[in-house]
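Here's the structure, in structure tokens; my notes come after.
The values are calculated or read from the model by the stated rules, or taken from the named source; none is laboratory data. Since the model is a prediction, treat every value here as computed from it, not as a measurement. Neighbour counts are summed over all protein chains in view; Cβ atoms, including those assigned to glycine, are modelled from backbone coordinates with ideal geometry.
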């Protein structure tokens with residue numbers, strides 16, 4: 001009853017409820033930006049689909065799980081019998097990445113602690129900017145540095161015949177990964193609330209005790225995330241390891257051995273293979289392996305870092 | 001849940017601008033306001049008084065359909081604007097354009113003072129500079145801000161003082177040329193003299209606009225409001241002619257206690 | 001009393017040592033790179049001249065300049081930007097302004113992290129499989145640029161999202177209260193206040209794109225081309241690949257020439273990064289609310 005009497009009043013119009021141009025534009029934009037938003041997912045799936053598509057023939061044909069992962073013989077162009085074993089390539093990637101982390105983890109974490117907890121004002125600003133700039137140096141330039149500067153330096157210093165080896169690539173990769181790890185680790189340290197520090201200081205702890213007993217434990221997930229991202233970066237690096245490892249298939253027994261990395265193999269050989277050949281498809285299969293491993297590393301890093309945010 | 005309309009107030013004499021029936025607002029499991037049934041007539045100043053956390057601001061947000069941007073906020077019951085159920089409105093933006101709101105925290109947008117006030121007309125499609133000039137000056141004058149900013153209309157609205165930003169917010173709400181103007185404790189950041197000037201403007205505006213005035217100052221409601229609702233602890237305790245709440249008969253003793261300043 | 005002082009002194013010494021060690025580690029991290037950059041400049045600077053920048057390579061690339069590579073890099077970057085900036089900004093607007101807090105949004109964020117984390121050579125394989133072969137662009141600027149665009153998309157998304165989220169929520173609410181649609185709010189208030197931040201991200205992306213080598217090796221960049229590209233369906237030379245070629249693939253290369261190429265490339269990249277950092281600092285100093 002009452003409802004009816006309200007609607008009967010003529011002076012009150014409800015003209016505003018028309019769907020006008022602005023409304024349609026708003027809806028259209030909403031759809032467009034949503035498409036932009038899902039593009040990242042589309043591309044990740046697309047990457048997996050397309051490299052699997054190209055490598056598919058090998059996966060269902062010549063691919064032999066045992067040979068692929070456990071044979072050190074990568075002889076894709078052998079005339080007698082092609083073998084596609086990536087064990088030596090994995091060893092190459094692992095040795096270089098391992099050495100790189102040995103270099104990068106202590107120094108980047110040390111630098112992160114210094115920048116976050118000790119440096120202040122201008123020094124801090126300067127170090128942060130420098131670290132950011134170092135992170136921007138392209139990998140092909142690092143490769144060139146390994147080739148043109150580190151190589152003769154290693155030959156001279158250690159009196160070895162070849163300077164393109166695990167040591168060279170490991171140091172290069174370490175220097176490359178360190179800035180990124182430093183800035184992520186520094187973020188993690190900065191995310192530790194100041195009240196933790198103040199509480200510890202109030203109890204009479206010195207600066208380094210505060211860091212050692214309070215800040216580092218509180219930031220440990222973020223620091224682990226930084227390390228994982230560094231590992232992922234080293235694992236996936238291409239140009240620098242292509243140019244600095246010496247690019248010869250080897251399971252290394254010393255840091256002076258030349259090795260060859262998974263990524264570098266693709267970069268070096270894809271141009272010389274015929275599309276659709278077993279060799280070509282095997283290279284894409286290495287790509288699938290790289291994709292899956294880095295995906296897992298990134299996922300882990302994300303989960304670890306997210307843990308820190310929840311806590 | 002539904003409370004009968006207060007006696008002595010007939011609903012058929014004047015057109016109902018805003019009809020509220022059985023309104024309940026909750027945030028997650030927490031109920032902020034419930035059992036609100038009232039009508040706001042065209043061209044009246046409708047006061048809403050009550051202590052903090054009575055649900056006054058949530059009430060305004062529900063009218064303005066701001067729950068759309070807050071997934072946590074749930075509104076039940078019916079609110080009609082010009083007889084149209086606001087829950088069933090297709091173009092919420094069209095609805096909001098007819099409703100001007102001033103919330104207690106002043107927000108000067110990071111645009112020039114001029115652009116702040118000209119924003120709403122521009123959103124409507126007004127491009128004529130001379131026309132915009134007129135609107136900007138009129139709204140700034142009504143909000144008692146014109147004299148202070150007329151020589152620096154290109155200052156960023158977000159860089160004005162708190163009190164100025166509050167009046168800028170009022171000017172912006174006026175620039176919408178709203179049918180319903182809702183003010184939520186507008187005088188919090190404004191000095192008493194300016195408050196009085198704005199109150200005078202509101203009295204004038206009653207000729208053109210319906211006004212809902214949420215205030216924590218009972219005397220302000222008494223000065224301005226034709227009728228007033230008293231909210232307490234998430235419930236609408238009483239709706240009546242303002243003067244009755246202060247001197248006449250009240251349905252609930254708590255209303256009188258509150259307006260007399262015995263709690264709140 | 002006496003004991004406490006001694007303890008304090010010991011602690012102070014430890015702290016000083018600790019600080020010194022950490023500072024030293026920071027130095028060890030930074031100094032070699034500074035030395036390396038110094039060497040690059042010292043050996044590369046004599047090579048660089050107007051002629052070096054604006055003529056093509058001659059004598060089997062052992063002499064002459066880098067103009068086709070420089071131009072190619074600029075083209076690759078421009079086409080990549082055309083694709084990734086609109087897409088990245090749209091994605092960031094979605095994530096900052098529309099996306100609900102649910103598993104799907106988390107999946108998008110994870111995809112972005114992975115897009116940035118997938119090895120560049122895998123991006124190259126994707127470029128070959130998708131753009132060169134499937135979409136039949138052939139090895140071309142278009143295929144290479146699209147590969148680069150997808151690879152650097154996270155840079156634009158992350159920078160844009162951050163600068164959008166830096167705009168206070170109260171501004172949006174004030175606009176919505178006036179009846180502005182979401183898009184009107186974004187266009188009139190949010191975007192204008194985020195545009196400089198977005199620009200820093202775009203510049204950063206230029207720097208990343210210009211330095212990448214692996215993704216363009218098989219998708220559109222060539223070791224040597226006698227002619228400049230005529231359209232986006234042609235191949236091109238590129239500065240980054242050129243550095244790889246002159247330092248590994250060409251016999252009898254004079255020692256200095258690769259240094260010149262490296263210096264030009266790194267100057268370009270660091271210049272862009274410095275610009276982005278400077279813009280960010282300027283922005284920080286200029287508060288609008």
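Considering only the range A:57-155, give the helices (runs of 4 or more DSSP H) lying wholly within it that have at least 2 residues that are more than 10 Å from chain C (Cβ to nearest Cβ) and within 21 Å of residue C:33 (Cα to Cα).
Helices (runs of 4 or more DSSP H) meeting the threshold: A:87-113, A:121-135.
Does the range A:242-279 hold any residues that are in a helix (DSSP H, G or I) and within 10 Å of another protein chain (Cβ to nearest Cβ), and which are they?
Result: A:242, A:243, A:262, A:263, A:264, A:265, A:266, A:267, A:268, A:270, A:271.
Based on what the data block shows, is residue C:53 under 21 Å from residue C:246 (Cα atoms), at pLDDT 90 or above and in contact with a strand residue (DSSP E or B) (Cβ under 8 Å, 6 or more places away or on another chain)?
no
Kindly indicate the residue of the range B:232-250 that is crowded, with 16+ Cβ neighbours inside 10 Å and touching a strand residue (DSSP E or B) at 6+ places or on another chain (Cβ under 6 Å) and also farthest from residue B:99 (Cα to Cα) among those meeting that condition.
Among those that are crowded, with 16+ Cβ neighbours inside 10 Å and touching a strand residue (DSSP E or B) at 6+ places or on another chain (Cβ under 6 Å), it is B:245.
Looking at (1) over 13 Å from the mean Cα position of the chain (by Cα); (2) away from chain A (no Cβ under 11 Å); (3) touching a residue at least 60 places away in the same chain (Cβ under 8 Å), which is the only condition residue C:173 fails?
In the conditions (1) over 13 Å from the mean Cα position of the chain (by Cα); (2) away from chain A (no Cβ under 11 Å); (3) touching a residue at least 60 places away in the same chain (Cβ under 8 Å), residue C:173 misses (3) alone.
Any idea which of C:125, C:142 is within 7 Å of chain A (Cβ to nearest Cβ), assigned to a helix (DSSP H, G or I), farther than 14 Å from residue C:208 by Cβ and out of contact with any strand residue (DSSP E or B) (no Cβ under 9 Å at 6 or more places or on another chain)?
Every option except C:125 fails the conditions.
If you check residue C:93 against the conditions, is it at the interface with chain A (Cβ under 9 Å from one of its Cβ atoms), under 25 Å from residue A:234 (Cβ atoms), crowded, with 19+ Cβ neighbours inside 10 Å and touching a residue at least 24 places away in the same chain (Cβ under 8 Å)?
no
Looking for something in contact (Cβ under 8 Å) with a residue 40 or more places away in the chain and in contact with a helix residue (DSSP H, G or I) (Cβ under 9 Å, 6 or more places away or on another chain) - is there at least one such residue anywhere in the range C:106-113?
Scanning the range C:106-113 turns up at least one residue that is in contact (Cβ under 8 Å) with a residue 40 or more places away in the chain and in contact with a helix residue (DSSP H, G or I) (Cβ under 9 Å, 6 or more places away or on another chain).
Within the range A:155-179, can you find the residues that are buried (at least 20 other Cβ atoms within 10 Å of the Cβ) and without any contact (Cβ under 8 Å) to a residue 60 or more places away in the chain?
Within the range A:155-179, just A:163 meets the criteria.
If I ask for residues that are assigned to a helix (DSSP H, G or I) and either touching a residue at least 60 places away in the same chain (Cβ under 8 Å) or surrounded by 17 or more Cβ atoms within 10 Å (Cβ to Cβ) (or both), which ones from the range A:190-215 would you list?
Passing the criteria: A:190, A:197, A:200, A:207, A:208, A:209, A:210, A:211, A:214, A:215.
Consider residue B:44 carefully, then state whether it is touching a residue at least 12 places away in the same chain (Cβ under 8 Å) and farther than 25 Å from residue B:188 by Cβ.
Considered against the rule, which asks whether it is touching a residue at least 12 places away in the same chain (Cβ under 8 Å) and farther than 25 Å from residue B:188 by Cβ, residue B:44 comes out as no.
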